[in-house]
Structures are given as C-alpha cells and as structure tokens.
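> My questions all concern the structure below.
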Amino acid sequence: MGKYKIAVIPGDGIGPEVTNGTRRVLDAVGKRFGHSFVFDEWLAGGIAIDATGEPLPPATVAGCRGSDAVLLGAVGGPQWDTLPGDKRPERALLGLRSALGLYANLRPAILHGPLAAASPLHPAISARGIDLVFVRELTGGIYFGSRGRRQGPHGTEAYDTELYSTMEIERIARTAFDLARQRRRHLTSVDKANVLESSRLWRETVIRVAADYPDVALDHLYVDNASMQLIRRPDAFDVLVASNLFGDILSDEAAMITGSIGMLPSASLGEPGTPGMYEPVHGSAPDIAGQDLANPLATILSGALMLKLSFGLAKEAAAVEKAVQAVLEAGYRTGDIMEQAEHAARQKAVGTQAMSDLVVAALA
Ligand code: NAD
C-alpha cells in the first residue's frame with residue numbers, strides 16, 4: 001500500500017479531457033490494489049499565459065518538484081501562436097525538462113494486436129509484432145551546442161554543434177541498460193561513428209558501460225541503417241538508445257510504424273529518485289478540443305508508465321495495459337483508430353469520456 005503525490009498539468013486543447021480520464025484510471029488502480037494517489041493540478045502552457053502572463057509559473061515548477069511524478073496533457077494552440085518564442089506555451093515543456101533535470105525521453109512503440117491494420121507496414125512484417133522502447137537523450141547534443149551565423153567566402157554561413165560529454169553519454173546509456181534489464185535484455189545503440197567524432201565517443205562510452213551489464217546483449221547500428229531496419233524488421237528491437245537529434249527523428253519513425261498518434265505514451269526521466277514526467281506524444285489537437293473526440297489511451301498508457309517507472313508498481317501498470325487491450329479487443333474505438341476497412345462493422349465508436357470509463361470498468 002503506497003501513497004503517491006502526482007502533479008497534474010492538464011494544459012490546453014484536449015489536455016484537460018485526456019488527463020481527466022487518466023486520473024480516473026489511476027483512482028481505479030488505487031482502489032483495486034490499495035494505493036492512494038493524491039492529485040494536485042497546476043497551470044502551464046496557454047492557459048497559464050492567460051492567467052499569469054507566463055507559460056510556466058514558478059508555482060507550477062515548485063509543485064512538480066514537490067511531487068512524486070508529473071502527468072502532463074499537452075500545451076499550445078493557435079491563439080498563442082503569434083507570441084514571441086520565449087513567451088509561447090511550448091516554452092513550458094523546455095522549462096519543465098530543465099527544472100526537473102529530465103535527460104532521458106522514453107517512448108514505447110507497441111503494435112496492439114487489435115490495431116494491427118493501422119500500421120503502415122506490410123502485413124507480413126507487422127504480423128511479427130512490434131514491442132520496442134526508444135530512449136532519446138534529451139538535454140544535450142546539437143539542440144544545445146553552440147550555433148551561429150557568420151560571413152564566409154561564399155556569403156552567409158550557419159553552423160550548429162553536436163557536443164556530448166562522457167558523463168552525458170554514460171547516464172543515458174545506464175538508463176537504457178537498466179530498462180533493457182526490465183525487458184528482453186537487448187540494447188541497440190544508434191550512432192554515426194563512421195563519420196562523427198561525437199559518435200565515436202558515444203560508442204566507446206556505451207561499450208565501457210556495457211561491462212556493468214553483462215546480462216544485456218548490446219549491438220550498434222549506424223543511424224542510416226537503423227532507420228531502414230526499423231521498417232524492415234521492427235520485431236528485432238527491444239530497447240534503442242540514441243542522441244537527441246537521432247532519437248528525435250527515429251523515435252517518430254518508430255512511433256508511426258505502430259499506427260495512431262492517439263495511442264503513444266512517453267516518459268521523461270532524470271536522476272533516480274527525482275520526479276519523472278509522463279505525457280502523450282501528441283499535442284493539444286485544437287481541431288478536436290472540447291468535443292469529446294480525443295483518444296485518451298496515449299495519456300492512460302503514460303499513466304501506466306508512471307506506475308512502472310516512477311513508483312515501481314509493475315503489476316499495477318500491467319493491469320492498466322491489459323485493461324486497454326481488453327477494451328480494444330472488445331471493438332471500442334475513438335475516431336482516430338477507427339478502421340475504414342472491412343472490420344469497421346465490428347467496431348463501436350466511443351468518445352473520450354466513454355473510452356476512459358471502459359478502461360476504468362475493465363480494471364474493476
Ligand atoms: P497534434 O498532435 O496536436 O495534432 C495532430 C493531429 O492528430 C490532429 O489532427 C489531431 O486532431 C490529431 N490528434 C492528436 N492527438 C489526438 C488524440 N489523442 N486523439 C485523436 N486525435 C488526435 O499536433 P499539431 O496539430 O501539430 O499541434 C497542435 C498544438 O499542440 C500546437 O500548438 C503544438 O505546438 C502543440 N504541441 C504540443 C505538444 C506537447 O504539449 N507535448 C506536442 C506537440 C504539439
């Protein structure tokens with residue numbers, strides 16, 4: 001029996017709808033397994049700009065720091081798109097990552113059996129199943145290295161710098177190895193060590209860390225080959241780890257081979273013992289906000305990740321995943337995962353609320 005404090009940031013657009021459903025699912029988990037989850041709601045994104053003038057008010061940062069984990073819906077919307085860069089809702093995400101020291105972004109890509117037809121891959125490939133996790137380094141590399149413009153012999157030049165320290169590579173490698181240990185004990189490290197010096201340090205460091213994980217099989221792929229293998233044989237992967245830039249691109253590819261954006265959870269983690277942040281991969285979907293059309297499953301599955309990774313409640317997380325699977329197998333679908341094809345007749349259209357209620361009922 002545990003007591004856990006969760007900071008909830010509903011945010012903008014469909015954020016409040018999908019976080020509400022997830023709170024109810026977590027309450028159902030608490031009831032079934034004898035835990036208590038205490039939720040505190042905080043402002044971030046456009047709603048925070050409207051209320052306070054800031055996308056990430058200091059009270060929100062303090063509230064998140066004082067919690068055991070953070071659940072975030074999504075931020076952003078067209079009404080704030082004309083604000084200057086540092087005042088935009090999306091700044092809240094960067095601010096939270098840096099305030100909480102979230103250096104590892106984990107994105108599972110799972111092809112749920114009942115949704116196999118949603119995968120854009122050839123059926124012969126998707127039939128073999130997809131169950132992998134992408135671990136992306138989140139606070140280093142070319143997105144944070146020095147950059148600029150200057151005048152060269154042929155006019156204006158621009159540059160960005162990929163820079164990684166051994167410390168940064170080592171800690172993300174440990175996150176990935178630890179995760180592989182909880183799964184099928186296979187880690188693939190992605191780099192471009194045939195060309196880039198930063199990648200050579202990446203590979204050397206990952207190999208050195210591997211000595212502490214003799215029970216995990218390690219292999220390496222160049223990023224160009226990794227992008228091909230993800231499509232050709234996605235079932236060959238368990239955990240993949242990559243730099244910020246390579247991870248940004250490849251984790252989107254890994255996500256899309258499973259079908260819908262409304263199904264994809266994510267976790268951002270810092271040092272062990274500090275609060276992690278859990279959020280769906282999708283944005284605030286202003287086009288469907290407030291209409292009970294959003295798929296809440298990506299956020300609900302993010303809640304399952306929170307149970308497993310931040311609270312060590314693996315059994316409880318598995319129960320949520322099983323409940324989601326059962327609801328899908330029973331044919332319930334929000335609009336984004338509704339198939340147009342011949343199976344359509346067996347599907348039952350539901351909204352955000354009803355989908356969350358079905359998961360709650362399947363957990364009881
Ligand atoms: P989006 O993910 O919000 O929407 C893309 C498309 O997917 C839309 O057609 C939307 O209706 C659909 N969609 C997304 N989530 C869905 C769900 N749960 N169920 C059903 N359909 C879903 O991306 P966008 O349109 O590029 O961005 C909209 C806003 O969200 C922008 O302001 C953007 O900056 C912001 N954004 C925020 C985050 C975040 O908070 N982490 C991430 C991406 C984008």
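Any read-out appearing in this document is the output of simple, stated calculations on the displayed coordinates, not a laboratory observation. Source: prediction; values computed, not measured. Glycine also receives a Cβ, built like all others from the backbone with ideal geometry; neighbour counts cover every protein chain displayed.
> With the dipole of segment 207-351 worked out from charges on the C-beta (+1 for Lys and Arg, -1 for Asp and Glu) around the Cα centre, which of 275, 262, 317 lies farthest toward the positive end?
Sorting the options by dipole projection puts first 317.
> Which value, in debye to the nearest 20, describes the size of the charge dipole of segment 79-162 about its Cα centre when Lys and Arg Cβ atoms bear +1, Asp and Glu Cβ atoms bear -1, and nothing else is charged?
100 debye
> If you restrict to DSSP beta bridges whose two residues both lie in the chain, what percentage is antiparallel, to the nearest 5? Mind showing how you got there, number by number?
Values: 20 of 49 bridges.
Just about 40 percent of them are antiparallel.
> Could you tell me, in Å, what Rg and Dmax come out for the Cα atoms of segment 1-100?
My reading of the Cα-based Rg and Dmax gives 14.3, 48 Å.
> Still on this structure, please answer the following. In nm, give the distance between the simple-model label positions of residue 235 and residue 204, each being 7 Å from the Cα along the Cα-to-Cβ direction.
Once both label points are built, they end up 3.9 nm from each other.
> Another question, then. To the nearest 0.05, what FRET efficiency results for residue 5 and residue 82 with a Förster distance of 22 Å applied to their C-beta separation?
0.05
> Under 10 Å, Cα contacts only: if you run a Gaussian network model on the chain, which one of 101, 273, 262 comes out with the highest mean-square fluctuation?
Of the options given, 273 has the highest mean-square fluctuation.
> Can you tell me the FRET efficiency between residue 222 and residue 51 if r is taken as the Cβ-Cβ distance and R0 is 51 Å, rounded to the nearest 0.05?
Step by step, r from the Cβ atoms, then E = 0.60.
> In sequence order, what are the phi-derived ³J(HN,Hα) couplings for segment 159-167 according to the Karplus relation 6.51 cos²θ - 1.76 cosθ + 1.60 with θ = phi - 60°, rounded to whole Hz, with x for glycine and proline?
Karplus values, whole Hz, x for Gly and Pro: 9, 10, 10, 8, 9, 10, 8, 4, 4.
> Going 7 Å from the Cα of residue 99 in the Cα-to-Cβ direction, what parts of segment 64-80 have a backbone nitrogen less than 18 Å from that spot?
Backbone N within reach: 64-76.
> Same structure, new question: Over the Cα atoms of segment 120-257, what is the Rg over Rh ratio if Rh follows Kirkwood?
On the Cα set of segment 120-257, Rg over Rh gives 1.04.
> Considering only 196, 269, 43, give the residue with the highest GNM mean-square fluctuation for the chain, with springs between Cα atoms whenever their separation is below 10 Å.
Judging by the Gaussian network model, the answer is 196.
> Counting only residues 5 or more places away or on other chains, whose amide H sits under 5 Å from the amide H of residue 220 once H atoms are built in the peptide plane?
Distant-sequence amide H within range of residue 220: 189.
> Still on this structure, I have one more. For the chain, count all C-alpha to C-alpha pairs, find those more than 26 Å apart, and express that count as a whole percent of the total.
Within the chain, distances greater than 26 Å cover 52 percent of Cα pairs.
> Which of the peptides 231-242, 51-62 is most tightly packed, and how do the rest follow, going by the mean number of other Cβ atoms within 10 Å of each residue?
Those peptides, ordered most packed to least, come out 231-242, 51-62.
> Next question, about the same structure. Among 199, 142, 335, which residue has its Cα positioned farthest towards the positive end of the charge dipole of the chain, with +1 placed on the Cβ of Lys and Arg, -1 on the Cβ of Asp and Glu, and the dipole taken about the Cα centre?
199
> Give me the dipole magnitude in Debye, nearest 20, for the chain about the Cα centre, with unit charges on the beta carbon: positive for Lys and Arg, negative for Asp and Glu. Let's see the in-between values first.
On the way: 35 positive and 42 negative charges, 149 e Å.
Around 720 debye, computed over the chain.
> So which residue, out of 212, 40, 68, gets the largest mean-square fluctuation from a GNM of the chain using Cα contacts under 10 Å as springs?
Per the Cα network of the chain with a 10 Å cutoff, 212 tops the list.
> Here's a follow-up. For residue 249 and residue 32, calculate 0.36 nm times their separation in residues minus their Cα-Cα distance, and state this gained length in nm to one decimal.
74.2 nm
> Now for a different question. Towards the positive end of the charge dipole of the chain, with charges on Cβ (+1 Lys, Arg; -1 Asp, Glu), say which of 151, 251, 129 has the farthest Cα.
129
> I'd like the FRET efficiency for residue 315 and residue 271, computed as 1/(1 + (r/R0)^6) with the beta carbon distance as r and R0 of 22 Å, rounded to 0.05.
My answer for the efficiency is 0.30.
> So how do 295-303, 2-10 stack up, highest first, on mean other-Cβ count within 10 Å?
Highest mean packing first, the order is 295-303, 2-10.
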